[in-house]
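Step one of this worksheet: look at the structure below.
The values are calculated or read from the model by the stated rules, or taken from the named source; none is laboratory data. None of the values given here were measured: they were computed from a predicted structure. Every residue, glycine among them, receives a Cβ derived from its backbone with ideal geometry; neighbour counts consider all protein chains shown. Remember, those area values only see protein heavy atoms, side chains included, never the ligands or the DNA or RNA. Shrake-Rupley method; radii C 1.70, N 1.55, O 1.52, S 1.80 Å.
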Amino acid sequence: MAEEVISKPRTREADPAPPTRDEPAVPERGLPRTTSPIGLESHGLSKTHRQRRRPEFDSIVLLLQGGGALGAYQAGVYEALAESDLHPDWVAGISIGSINAAILAGNPRNLRVQRLREYWEGVTTPAVSLLRLVLPQGDVTRGFVNQVSAASALFGGAAGFFQPRIPSPWFYLPGAIEATSYYDTMPLKATLERLIDFDRVNSDHTDLRLSLGAVNVRSGNLIYFDSQSQRITPEHVMASGALPPGFPAIEIEGEHYWDGGLVSNTPLQWIVAQRPADSLVFQVDLWSAAGEMPRGLAEVATRQKEIQYSSRTRAFTNALKDRIRLQNAIVALLEELPEDMKQSEHVKYLSAVARRHVYNLVQLIYRPKGYEGESKDYEFSRRSMEDHWRAGYHDAVHALRHPEIFERPTGRNALVTFDLRRDGVD
């Protein structure tokens, strides 16, 4: 049965074997970080965030939201989790989160951060250094430089990701796929095939389940491609990130799919609907629901995007709290029924659908800088990418230093959420 496939537990991989020629060695734990392939300086942090033993949960789940160029924040979060030996059992993504998720699922643990860096270095470009030299430093200058970089992506695309259609889609006949988007995403397919081992993603022996959200263009329904029930290909990853009208719909088995963020930008609700075992869940949001009153049209556009793509995360979370609490109460009530009543068809049905589970949900939310503006999700400069990556790493380290996130919920608290905002600057 499909449900049995979905709920089948994965066997966890043991500690990585000694590296082979195809899997280069990673630095020994505890050695200071001095250089980084993406140009980041030493993190300069103590390693007190590291977990010496696996938390008392059946699984660790990583949820990655959509947000374009902001997705480097998710890579930084994963780097901190990997340093802490908190390797997820299940990763679910939407849009850019699907690309990051697929890179994780398609590589062994000791190569995942490296592959993420290769991706993010490949799709970003050096900042406009000449402008930084001739203009005074500050947020105004940084905002202007970012806008120039965003315009470059808007008109020239991002290497290894997308490129503008020439001629314009308006010159194609209706019905042609080229007539439905401003950009061609075939460069992304080549990048995914280079960085991801799809045989590993789809192996019965993998230690990381992969789920990708997309929207069926005909029905408008949000669906999830899942490595436990079907074979994942580059097209499934591309479909999850096919945001119209920029990107074309992706055809899979006769149906066309767009970006899952059109319906919901977070996989949280779907994951819980699958009734996973007791889980420690890290949800990485790239859009903050909270914000200030806009002061002009540019800020209105920024705030509109934040509200649109934050996917009502808090509303979903509160609804899920009530649902899980109700489900656990039903289980407790059923256990107290006399044996003769347990033979009722109604009771048998409730016993089949109600299970007692607990979850800790750690929310890691990117907090944008004031100079980023409305174009921050398509501003692919190397400097901004490094900033986003660093912010994700530091936010995750801050959260992991709180031991309460590893404690199983007790009593009526079946779902406990943590939003451990880090104050100060990097």
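Work out how much length S203 to N318 would gain on full extension: take 0.36 nm times their residue separation and subtract the Cα-Cα distance, in nm to one decimal.
Extra length from S203 to N318 when fully extended: 37.8 nm.
Let me cross-check H346: its accessible surface, 1.4 Å probe, with only protein heavy atoms counted, in Å² to the nearest 10?
The value for H346 is about 150 Å².
Please work out the average accessible area per residue across region 48-126, using the 1.4 Å probe convention, and give it in Å².
22 Å²
In terms of modelled amide H atoms, which long-range or inter-chain residues lie less than 5 Å from the amide H of E379?
Close amide H contacts, sequence-distant or interchain: A69.
How much accessible surface area, in Å² rounded to 10, belongs to the heavy atoms of L420 with a 1.4 Å probe?
40 Å²
HN-Hα J couplings of region 61-72 from phi, Karplus 6.51/-1.76/1.60, θ = phi - 60°, integer Hz, Gly and Pro as x?
Listing the rounded values in order: 10, 10, 10, 10, 7, x, x, x, 4, 5, x, 4 Hz.
Would you kindly derive the ³J(HN,Hα) couplings of region 110-126 from the backbone phi angles with the Karplus curve 6.51 cos²θ - 1.76 cosθ + 1.60 (θ = phi - 60°), listing them in order in whole Hz, with x for Gly and Pro?
Calculated HN-Hα couplings, in order: 7, 10, 5, 5, 4, 5, 4, 5, 4, 4, 6, 5, x, 9, 10, 10, x Hz.
Which trypsin sites (Lys or Arg not before Pro) from region 120-224 combine a DSSP loop assignment with at most 15 other Cβ atoms within 10 Å?
Sparse-neighbourhood loop trypsin sites (Lys or Arg not before Pro): R218.
Could the peptides 268-277, 299-308 be put in order, highest first, of the mean number of other beta-carbon atoms found within 10 Å of their residues?
268-277, 299-308
Heavy atoms of the protein only, probe of 1.4 Å, neighbouring chains included. What is the accessible area of W389 in Å², nearest 10?
About 0 Å², rounded to the nearest 10.
Using the structure shown, select from K189/K369; K321/K348; K321/K369 the pairs with a Cα to Cα distance greater than 26 angstrom.
Distance filter (> 26 Å) returns K189/K369; K321/K369.
Can you compute the FRET efficiency between Y172 and R421 using 1/(1 + (r/R0)^6), with r the Cβ-Cβ distance and R0 = 41 Å? Round to the nearest 0.05.
My answer for the efficiency is 0.30.
Can you list residues from other chains, or at least 5 along the same chain, whose modelled amide H is less than 5 Å from the amide H of I365?
D285
So, in nm, how far is label S344 from label R194 when the simple model puts each one 7 Å beyond its Cα toward the Cβ?
Using points 7 Å along Cα→Cβ, the separation is 6.3 nm.
Give the carbon-plus-sulfur fraction of the accessible surface of region 311-395 in %, rounded to a whole number; probe 1.4 Å, heavy atoms of protein chains only.
Carbon and sulfur together cover 54 percent of it.
Restricting attention to region 345-426, which GluC sites (Glu not before Pro) occupy a DSSP loop and are surrounded by at most 14 other Cβ atoms within 10 Å?
E407
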